[in-house]
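Just so it is clear, none of the values below were taken in a lab; they were calculated from the coordinates. This structure is a prediction, so every number in the text was calculated from the model and none was measured. Reconstructed Cβ throughout: ideal geometry from the backbone, glycine too, with neighbour counts over all protein chains shown.
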Amino acid sequence: MKLRQSAAVAAIAVLALTATACGGESGNAGDKPGGGAEGKDAPKLPTYVVAKDVSIDSPVLKKAQSAGKLVFGAKSDQPFLGFEDTDGKRSGFDIEIAKMVAADLGFAPDKLEFKTVDSNVRETAISKGEVDLYVGTYTINDERKKQVGFAGPYFLAGADLLVRKDESGITGPDSLKGKTVCSIKGSTPLQEIKKPKYGAKTIELSKYSECVQQLLNNEVDAVTTDDAILKGYAAQRPTKLKVIGKPFTEEPYGIGMAKDDKALRDAVTNALEAHQKSGDYKKAYEATLGLSGSAYVEPPALERY
Ligand code: GLU
């Protein structure tokens, strides 16, 4: 426990330096670097050995091999998770997960293409083959499994609330009666918060950064989604925003892919397992998501089906 606390304190210290250097309190949502380690003492991102001569009986992989590139769907406005800066550089924990899996499938980082795909169109993008794999805070659930396949879970998050720093009336999901809460179309926390028992009014947008902007502008009282995502926004604006810290759902993250491509699903699960065992996963976490103040915890057990 002590170790974890000191790791978290160190991570916050690194982050504070990074945020100062980047001017992270500008007031605009989503316009600052936010996906990886910066500064000379920051944890370093691992590099991944690229497998050679990969041969798997997967239609998606074969198509990617003949195209010479593997296409990932990802988020672009989630600091420390899936973030695209103004130069088009992607960073964050989900981006590292994509890179480690891709390496085991035989694709070096320069053979990866990332496409931004928001929550409400993920299943369509995967089933139409617009992306080969999807890594973007994507909760595995039975409803989605009817349309897509999942490898994982590789991380366990939980829905939480982001509020303005001076908010005292909102203390958890049970204090939302009459409050206006912003979340994202096609996301599981939105489905949850719409339940009548919370009594909240909801605003539904396409991008989390738009919800955060509305919160900063006093247009909504709270934003709900996974704690891992919200902590990234709070870490970017520590004097303006805070996370309540009482998760009220379980959100196990998976890598989405074509529903019936079992060979690909198995290969991606094997890759996750190998990188967890080698320590790459932990290193990648500490150099990305760990910097937003969430101490490392062991990942949940991978499920094979
Ligand atoms: N993990 C949740 C979901 O998959 C919320 C985050 C997101 O929208 O990506 O719906």
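Over the Cα atoms of the stretch 151-276, Rg to Rh with Kirkwood Rh, two decimal places?
Working: Rg = 16.4 Å, Rh = 15.6 Å.
Answer for the stretch 151-276: 1.06.
Convex hull of alpha carbon positions in the chain: directionally averaged projected area 15.2 nm². Near residue 240, no amide H atom lies under 5 Å from its own; only residues 5 or more places off or on other chains count, and H is placed 1.01 Å from N.
Taking every full run of DSSP H in the chain, the ones that stretch at least 27 Å from end to end by Cα along their long axis and average 0.0 or higher on the Kyte-Doolittle scale are 2-22.
Amide H contacts for residue 113 (H built 1.01 Å from N in the peptide plane; partners 5 or more residues away or on another chain; cut-off under 5 Å): 70, 71, 72. Loop-located trypsin sites (Lys or Arg not before Pro) across the stretch 106-177 with a Cβ neighbour count of 12 or fewer within 10 Å are 128, 146, 165, 177, with loop assigned by DSSP. By a straight-distance test (C-alpha under 18 Å), which aspartates and glutamates pair with residue 63 as possible cross-link partners, with residues fewer than eight away in the same chain excluded? Output for residue 63: 53, 104, 110, 113, 130, 132, 260, 261, 266.
In this calculation the C-beta distance from residue 143 to residue 177 is compared with R0 = 22 Å, giving a FRET efficiency of 0.20. Here's the list of lysines a cross-link from residue 194 could span, going by alpha-carbon distance under 17 Å and ignoring same-chain residues fewer than 8 apart: 177, 179, 185.
Per residue, what volume in Å³ does the convex hull of the Cα atoms of the stretch 83-130 enclose? Write out the running numbers ahead of the final one.
Numbers: hull volume 4.4 nm³, N = 48.
So the per-residue hull volume is 92 Å³.
Cα centroids of the stretch 231-277 and the stretch 51-68: 25 Å apart. Given the pairs 89/282; 75/145; 75/242; 231/262, which are separated by over 24 angstrom at their Cα positions? Listed pairs above 24 Å: 231/262. Show that you can apply the helix-only estimate: for the chain, add -39,500 (n - 2.57) for every DSSP H stretch of four or more residues, divide by all residues, and state [θ] at 222 nm to the nearest 500. Calculated from helices alone, the mean residue ellipticity at 222 nm is -10000 deg cm²/dmol.
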